[in-house]
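Here is the structure we will look at, set down as structure tokens.
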Amino acid sequence: MVGRAAKTGGPAMMRLASILYSLISTALAGTAVIAVLTAGMVSLNAILVAAVAGFVVAAPVSWMVARRLYDEEA
């Protein structure tokens, strides 16, 4: 069967992406917060924006990592 589900990996790849998201999102959000604090922006707003940006950027990153891992497995 060659369809969208077969190409994207289906539920198995979604599960892998979810597990990877839990790891990647905390790493990216933490890195962004440390970068903001190092730059001297110590306001709550700057810290929250950096953390949210890390969590948002982690979604496509974890999907790309999951796709590469899933494709190598096949």
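Things worth noting here:
- Extents of the chain, taken as max minus min of Cα coordinates on every principal axis and listed largest first, are 54, 18, 14 Å.
- Cβ-placed point charges (K, R +1; D, E -1), dipole of the chain about Cα centre in debye, nearest 20: 180
- Spacing of the two label points (7 Å from each Cα toward its C-beta) at Leu44 and Glu72, in nm: 4.3
- Spin-label pair Ala12/Phe55, simplified geometry with 7 Å Cα→Cβ offset, distance in nm: 3.1
- The phi torsions of the stretch 20-34, fed into the Karplus equation with coefficients 6.51, -1.76 and 1.60 and a -60° offset, translate into couplings of 5, 4, 5, 7, 5, 5, 5, 5, 5, 5, x, 5, 5, 5, 5 Hz, rounded to whole numbers, with Gly and Pro shown as x.
- Taking the fewest neighbouring Cβ atoms within 10 Å as the starting point, the ordered list for Met13, Met64 is Met64, Met13.
Every number in this text was worked out from the coordinates using simple rules, so none of it is lab data. Computed from a predicted model, the values in this text were never measured in an experiment. Cβ sites come from the backbone with ideal geometry, for glycine too, and all protein chains shown count toward neighbours.
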